[in-house]
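Asks: One structure coming up, written as structure tokens, with questions to follow.
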Amino acid sequence: MEINLISDTVTKPTPEMLQAMFNAKVGDDVFKQDPTVNEFERIVANLFGMEAALFFPTGTMANQTAIKLNTNPGDQIICDKWSHIHLYEAGGASFNSGVNFNLLDGKRGMITAEQVKAGINDPEFYHAPLSKMVSIENTTNKAGGACYDIEELIKIKQVCVDNNLKFHLDGARLWNAMIAKKQHPKQFGALFDTISVCFSKGMGCPIGSVLLFDAETMPKALRIRKIFGGNLRQSGYLAAAGIYALQNNINRLEDDHNRAKELGNTLQKLSWVSSVQPVETNIVVFSVVDTIEDKQVIEKLKQKGIAISLMAKNTLRMVTHLDYKQVMHEYVLDALEKIEL
Ligand SMILES: *Cc1c(COP(=O)(O)O)cnc(C)c1O
């Protein structure tokens with residue numbers, strides 16, 4: 001058995017999703033003539049109660065476009081120190097938008113309204129970069145899939161309104177957060193200027209992210225996507241996968257979360273595991289005791305056909321997803337208990 005738990009991006013489209021893609025009516029989306037992309041963007045915008053949505057090839061490009069829309073060169077973004085936009089977008093914020101970061105010391109990748117407020121530079125003090133945008137991640141990636149309470153986000157929004165700051169949500173795994181916390185997309189749509197959501201993670205699509213914003217932002221967003229090289233032609237084939245995922249793959253995220261919790265519970269009992277971070281969604285982050293090498297664990301599991309990834313020294317990660325089925329899960333739980341280190 002080959003079991004890949006390195007990320008939820010490893011899923012392959014199911015036959016049903018492929019059939020939906022195969023059947024898609026397409027056109028040239030650069031002329032906005034692809035009916036399936038147009039429909040997909042409309043559906044996602046409506047779901048969040050936002051005015052407009054634009055399809056992107058990657059989550060990185062959607063986030064980078066949001067940064068470009070919300071800032072000018074020299075401006076400062078306030079976000080957690082572990083943010084994807086800071087750590088994992090190859091310096092794109094400075095390359096593409098000429099901005100810098102005020103990195104807050106959040107808990108499990110999450111920041112508070114109080115921290116944001118304290119992190120804003122006085123706009124009159126022209127020596128400091130102008131604070132322009134707050135970005136939060138939900139669920140948090142590096143921090144192991146933690147998710148925000150809506151109450152804290154409402155408080156952060158108020159700080160943004162009071163201080164004339166744009167509010168961006170990097171919602172690559174927002175679907176997981178909404179299932180775990182029983183929240184509705186419209187609750188998020190009401191709070192943010194820009195929201196990016198991925199379809200190539202828990203949703204099981206091969207490609208695709210969507211950026212949401214208001215109607216008057218569309219011309220500028222189209223221009224920036226063009227500049228970044230993200231205009232696609234008959235992308236309705238990809239949008240069809242997204243529509244399929246919205247209809248079929250959201251509620252089943254619960255299974256991924258339950259399996260992740262069970263993995264966490266099993267790991268907790270093992271003598272070679274020193275700690276397991278709280279499992280809130282589909283990401284399990286755990287540390288191994290000092291007396292063994294992290295690479296030993298990865299190697300032993302690899303011999304049993306199970307791939308997991310290294311996050312930091314002695315810290316490992318497993319991510320559950322659509323292609324991680326119950327039979328595999330039982331096999332992994334058993335393999336973990338039997339592993340000798
Ligand atoms: C995966 C991810 C992205 C975007 O990744 P792409 O690989 O570019 O689609 C953005 N933010 C977070 C938090 C992510 O986990």
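The values are calculated or read from the model by the stated rules, or taken from the named source; none is laboratory data. Remember, it's a predicted structure, so these values are computed and weren't measured experimentally. Here the Cβ positions follow ideal geometry from the backbone for every residue, glycine too, while neighbour counts run over all protein chains shown. Side chains included, ligands, DNA and RNA excluded: accessible areas come from the protein's heavy atoms. Shrake-Rupley method; radii C 1.70, N 1.55, O 1.52, S 1.80 Å.
Asks: Once you sort the root eigenvalues of the Cα gyration tensor of the range 251-338 as a ≥ b ≥ c, which label holds: rounded (a/c under 1.5), prolate (a/b larger than b/c) or oblate (the other case)?
Replies: The shape class here is prolate.
Asks: While we're here: I78's amide H: which non-local residues (gap 5+, or another chain) put their own amide H closer than 5 Å, with H modeled 1.01 Å from N in plane and none for Pro or chain starts?
Replies: Hits under the 5 Å cutoff: N102, K132, M133, V134, S135.
Asks: Beyond 18 Å between alpha-carbons counts as too far, so tell me which of K32/K220; K25/K201; K201/K226; K107/K142 fall in that bin.
Replies: K25/K201; K201/K226
Asks: With a 1.4 Å probe and all protein chains kept in place, how much accessible area does D214 have, in Å² rounded to the nearest 10?
Replies: 60
Asks: Next up: Can you give the calculated 222 nm mean residue ellipticity of the chain, where each DSSP H run of n ≥ 4 adds -39,500 (n - 2.57) and the sum is split over every residue, rounded to the nearest 500 deg cm²/dmol?
Replies: Result for the chain: -12000 deg cm²/dmol, rounded to the nearest 500.
Asks: Compare R108, R233 by solvent-accessible area with a 1.4 Å probe and give them largest first, with all protein chains kept in place.
Replies: R233, R108
Asks: Whenever you get a sec, compute what percent of the accessible area on the chain sits on carbon and sulfur atoms (1.4 Å probe).
Replies: So the carbon and sulfur contribution to the accessible surface is 53 percent.
Asks: While we're looking at this one, here's another question. Would you list I3, I154 from the most to the least accessible area, probe 1.4 Å?
Replies: Ranked list, largest accessible area first: I154, I3.
Asks: Which of the listed residues, S275, L54, L174, is farthest toward the dipole's positive end in the chain, when Lys, Arg count +1 and Asp, Glu count -1 at the beta-carbon?
Replies: L54
Asks: Let me check something: with ligands and nucleic acids excluded, how do K155, K142, K107 order by accessible area (1.4 Å probe), largest to smallest?
Replies: The ranking, largest first, comes out as K107, K155, K142.
Asks: Over the chain, with the other protein chains present, what is the accessible area per residue in square angstrom, probe 1.4 angstrom?
Replies: 44
Asks: Here is a follow-up. Output ³J(HN,Hα) for the range 139-150: one whole-Hz value per residue in order, computed from phi by the Karplus curve 6.51 cos²θ - 1.76 cosθ + 1.60 with θ = phi - 60°, and x for Gly and Pro.
Replies: Per-residue couplings from phi come out as 6, 7, 7, 4, 8, x, x, 6, 9, 6, 7, 5 Hz.
Asks: Follow-up. Have a look at S209, S83, S309 and tell me which one the Gaussian network model of the chain (Cα, springs below 10 Å) gives the largest fluctuation.
Replies: S309
Asks: Here is a follow-up. Using a ≥ b ≥ c from the Cα gyration tensor of the chain (square roots of the eigenvalues), is it rounded, prolate or oblate, where a/c under 1.5 gives rounded and otherwise the larger of a/b and b/c decides, a/b for prolate?
Replies: Oblate, since a/c reaches 1.5 and b/c is not below a/b.
Asks: Using only the alpha carbons, work out the radius of gyration and Dmax of the range 58-155 in angstrom.
Replies: So, for the range 58-155, Rg and Dmax equal 13.1, 38 Å respectively.
Asks: With +1 on the Cβ of every Lys and Arg and -1 on the Cβ of every Asp and Glu, and nothing else charged, how large is the dipole of the chain about its Cα centre, in debye rounded to the nearest 20?
Replies: Roughly 360 debye for the chain.
Asks: Please list, in order along the range 93-100, the HN-Hα scalar couplings obtained from phi with the Karplus expression 6.51 cos²θ - 1.76 cosθ + 1.60 (θ = phi - 60°), rounded to whole Hz, x for Gly and Pro.
Replies: 4, 7, 5, 8, 10, x, 9, 10
Asks: Once amide H atoms are built 1.01 Å from N in the peptide plane, which residues 5 or more positions from A146, or in another chain, come under 5 Å H to H?
Replies: T140
Asks: So what's the gap between the Cα centers of the range 165-212 and the range 103-150, to the nearest angstrom?
Replies: 18
Asks: A further question follows. Residue by residue through the range 192-200, what is 3J(HN,Hα) from phi via Karplus (6.51 cos²θ - 1.76 cosθ + 1.60, θ = phi - 60°)? Round to whole Hz and write x for glycine and proline.
Replies: Values per residue, Gly and Pro as x: 10, 6, 9, 9, 10, 10, 9, 10, 9 Hz.
Asks: Here is a further query. Determine one quarter of the surface area of the Cα convex hull of the range 120-275, which equals its mean projected area, and express it in nm² to one decimal.
Replies: 13.1
Asks: Tell me, in nm to one decimal, what length is gained between K338 and E216 on full extension, where the rule is 0.36 nm per residue of separation less the Cα-Cα distance?
Replies: This chain segment gains 38.1 nm when fully extended.
Asks: Quick one: which residues, 5 or more positions from G119 or on another chain, have an amide H under 5 Å from its amide H? H modelled 1.01 Å from N in the peptide plane, none for Pro or chain starts.
Replies: none
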